[in-house]
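Peer 1: Dropping a structure here in structure tokens format, bear with me for questions.
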Amino acid sequence: MHKNQVAKDAPIDLWIVLSCHSAIALGTLFGGWRIVKTMGQKITKLRPFEGFCAETAGAVTLFVATHFGIPVSTTHTITGSIIGAGARKGVSAVKWGVTTKIFWAWILTIPVSALIGAAIYSLFLVIL
């Protein structure tokens, strides 16, 4: 086995687990409220009944996707549900400029994250 390879069943080092926990916590701390505000106020104005319908639709979508083994994002499903509940009141009830920005963020997230992951991996190969 090469020095940089790890056995398939090797345990994950604690520092890696704690680093991931920290990254998620910091992301939530610094960006979480912005996401909550965007979802709850900026896409469309939802009344409690509409919010209930959007949450139920998101949950049903997640259950069906899980049943079929389809990996989906909870944020993506609830965003789609909120857009659907808002669009039910009329297409003009949804702020499409906000949703377009969200869609572009989703499209760019995967390749940008992949590049950052590759860069960090390369950095660690050099350091270790």
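Peer 1: Tell me, which residue of region 75-105 that is within 19 Å of the chain's Cα centre (by Cα) and of a type in the set (Gly, Ala, Ser) is surrounded by the fewest Cβ atoms within 10 Å (Cβ to Cβ)? It would help to see each step written out before you state the result.
Peer 2: Filtering region 75-105 for residues within 19 Å of the chain's Cα centre (by Cα) gives 75-84, 98-105.
Then keep just the ones that are of a type in the set (Gly, Ala, Ser); that gives 80-81, 84, 105.
Details: Gly80: 16, Ser81: 20, Gly84: 16, Ala105: 10.
So the residue we want is Ala105.
Peer 1: Being among the small types (Gly, Ala, Ser) and touching a Pro at 6+ places or on another chain (Cβ under 8 Å) narrows it down to one residue among Ala87, Ala118, Ala65; which is it? If you could, list the steps in order and put the result at the bottom.
Peer 2: Details: Ala87 fails: touching a Pro at 6+ places or on another chain (Cβ under 8 Å); Ala118 fails: touching a Pro at 6+ places or on another chain (Cβ under 8 Å).
That would be Ala65, the only listed residue that is among the small types (Gly, Ala, Ser) and touching a Pro at 6+ places or on another chain (Cβ under 8 Å).
Peer 1: Return yes when Lys45 is over 25 Å from Lys101 (Cα atoms) and either basic (Lys, Arg) or touching a residue at least 12 places away in the same chain (Cβ under 8 Å) (or both) and no when it is not. Spell out how you get there, then give the answer.
Peer 2: On the way: over 25 Å from Lys101 (Cα atoms): no; either basic (Lys, Arg) or touching a residue at least 12 places away in the same chain (Cβ under 8 Å) (or both): yes.
In short, no.
Peer 1: Consider Gly117 carefully, then state whether it is outside any helix (DSSP H, G or I) and open to solvent by less than 100 Å² (accessible area, probe 1.4 Å).
Peer 2: Numbers: outside any helix (DSSP H, G or I): no; open to solvent by less than 100 Å² (accessible area, probe 1.4 Å): yes.
No: the conditions fail for Gly117.
The values are calculated or read from the model by the stated rules, or taken from the named source; none is laboratory data. From a predicted model like this one, the values you see are computed outputs, not experimental measurements. Please note: Cβ atoms are built from the backbone with ideal geometry, for glycine as well, and neighbour counts cover all protein chains shown. Just the protein is used for accessible areas: all its heavy atoms, side chains included, with ligands, DNA and RNA removed. Shrake-Rupley method; radii C 1.70, N 1.55, O 1.52, S 1.80 Å.
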